[in-house]
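Q: Could you have a look at this structure, given as structure tokens, before my questions?
The values are calculated or read from the model by the stated rules, or taken from the named source; none is laboratory data. Note that the structure is predicted; figures quoted are calculated from it, not measured. Here the Cβ positions follow ideal geometry from the backbone for every residue, glycine too, while neighbour counts run over all protein chains shown. SASA here: full protein model, heavy atoms, side chains in, ligands and nucleic acids out. Shrake-Rupley method; radii C 1.70, N 1.55, O 1.52, S 1.80 Å.
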Amino acid sequence: MSKRIPFGIMLQGPGGHMNSWKHPSVPADASVNFDYYVRTAKQAEAAGIAFAFIADGLYINEVSIPHFLNRFEPIAILAALAAVTDKIGLVGTLSTSYSDPFTVARQFGSIDAISKGRVGWNAVTSPLEGSAKNYSREKHPEHALRYQIAGEHIDIVKGLWDSWDDDAFVRNRETGQFADFSKLHRVNYKGQFHSVEGPLNLGRSLQGQPVLFQAGGSDDGIALAGRHADAVFAAGGSIPESRELTQKLKASAVAHGRRSDDLKVFPGVSPIVGSTEEEAERKYREIRDLVSVTEALRYIGRFFDHHDFTQYDLDAPFPELGDLGKNQFRSGTDRIKRIAKENNQTLREVALENTTPRSDFIGTPELIADKLIEWVDTGASDGFVLGFQVITQGLDDFEAQVLPILEKRGRHSRELIGTTLREHIELPVPKSRFADDGAGKRTEAAG
Ligand SMILES: Cc1cc2nc3c(=O)[nH]c(=O)nc-3n(C[C@H](O)[C@H](O)[C@H](O)COP(=O)(O)O)c2cc1C
């Protein structure tokens, strides 16, 4: 089997590591340094990376990850990047729990048009309890409820994106006809959480619709992805873990009447490249040593609603936490608890390991290229989101040392396949939900 491996890259300020801002290869203010975003996005584009990915959060406090304290809002940075790049896909995170479908459809639809069909929306349900306090709410919706809201929200956004048929805007100066109203459709959605009439004041996307990403690996997350997502940003882990998740996600797509290939799975990975094993290990240790144990406790605390882990003995087994974490990053906290138990880990080990994860992707360029290929060829993923611990060092090394090996093996090309994000990651162009289905054209779809 020989197939191109599509890559995305997370642009998250200085990098994925909580203290990446301290690393000498990146500007310390990277998360609000627009020039740095532009430089990195252009470098990734020239290297043939299919999309840039912007994560997000809606609540901070004094114990948040430092470079989250001062960072760009995703829609703003995506729009700015759309204007200065030509080919790379642009994916941004926006919460279904704290937004209105009509606004979301307009925002992503507009950036998609500005970028000529390169946009994706990473629909998340927001894990952080504190978000409610920033959105005039008394309470953060509970995990299952967040996913119900998400299902409805996305359904409406997708419906709004089909408001106009592809050829609805005639703009005929001779006849004076601007739009053909027989090609206009209203969603008329009356749901439990949102009611939206439509139509959207924006035409259909060059790529049919912006690409819908989803991130969330619980059972509810998998069901939502199967129903709605074109792509999933998944937690990395090991090959068996990722293969199991990929199989579940694709089975979920099939259960919703889609083809398994209509849903692409992109685990997040953080390669650390060295010309020798020793050099890779030295780079790993250099990054790991950017944090103290106390900072590492704070880092894992964030996943458990900012739980204070300093109250426990560092060298005792990871504490029993009951349901703590279930209403936030559920799939992530379940994983931390499970692995700690299986491996009999102490709190110190869990904190340090999660702050600077050791993965399959630390080593020589050949080893990393082999692993990436193995993941894809054994069904553990369709591609990857590169979440470098430290972006500049990570991308420079990956581009110079790993991509040429993949190119030689026919698994990568510096030329992106097409012009739209869907083409880059080999997704079909969706037909409008109002398209003629053989039984005559429908003009309305009820919620
Ligand atoms: C790989 C991955 C990336 C995520 N990225 C974000 C993000 O950028 N912003 C956000 O608010 N939530 C993010 N989430 C959180 C989820 O959207 C979700 O709110 C939370 O994980 C609970 O859902 P789950 O239990 O289904 O994973 C991410 C989750 C995963 C697994």
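Q: Residue by residue, what Karplus-based ³J(HN,Hα) values in Hz, rounded to whole numbers, does the range 367-382 have, using 6.51, -1.76 and 1.60 with θ = phi - 60° and x for Gly and Pro?
A: Each residue's phi maps through the Karplus curve to give 4, 5, 4, 4, 5, 4, 5, 4, 4, 5, 6, 9, x, 8, 6, 9 Hz.
Q: Would you please give the residues with an amide H less than 5 Å from that of VAL385, counting only those at least 5 places away or on a separate chain, with H modeled from the backbone geometry?
A: Result for VAL385 returns GLY8, GLY268, VAL269.
Q: Check GLN214: other-chain or 5+ apart residues with amide H under 5 Å from its amide H, H built from backbone geometry?
A: Close amide H contacts, sequence-distant or interchain: ALA123, ALA231, VAL232, PHE233.
Q: Here is a further query. How would you classify the range 330-447 from its alpha-carbon gyration tensor, with a ≥ b ≥ c the square roots of the eigenvalues: rounded for a/c under 1.5, else prolate if a/b is greater than b/c, otherwise oblate?
A: Oblate.
Q: Moving to a separate point now. Show me the ranking of peptides 406-417, 367-378 by mean Cβ neighbours inside 10 Å, starting with the highest. All intermediate terms of the calculation are to be shown ahead of the outcome.
A: On the way: 406-417: 14.9, 367-378: 18.9.
Listed from highest to lowest mean packing, they are 367-378, 406-417.
Q: I've got another one for you. Starting from the range 191-286, pick out the trypsin sites (Lys or Arg not before Pro) whose DSSP state is loop and whose Cβ has at most 15 other Cβ atoms within 10 Å.
A: ARG259
Q: Quick one: accessible surface of SER275, probe radius 1.4 Å, all protein chains present, in square angstrom to the nearest 10.
A: Probe radius 1.4 Å; accessible area of SER275 about 80 Å².
Q: What value, in deg cm²/dmol to 500, does the helix sum -39500 (n - 2.57) over DSSP H runs of n ≥ 4 give at 222 nm once divided by the residues of the chain?
A: Values: 15 runs with 163 residues, N = 447.
My calculation for the chain gives -11000 deg cm²/dmol from helical runs alone.
Q: Rounded to a whole number, what % of the accessible area of the chain do carbon and sulfur atoms account for, probe 1.4 Å? Walk me through the numbers before you get to the answer.
A: Numbers: 9450 of 18950 Å².
Carbon and sulfur together cover 50 percent of it.
Q: Report, in debye and to the nearest 20, how large the dipole of the chain comes out about its Cα centre when Lys and Arg carry +1 and Asp and Glu carry -1 on their Cβ.
A: In total the dipole reaches around 940 debye.
Q: Can you tell me the orientation of helix 239-255 relative to the chain, as the angle in degrees between its alpha-carbon axis and the longest Cα principal axis, to the nearest 10?
A: 20
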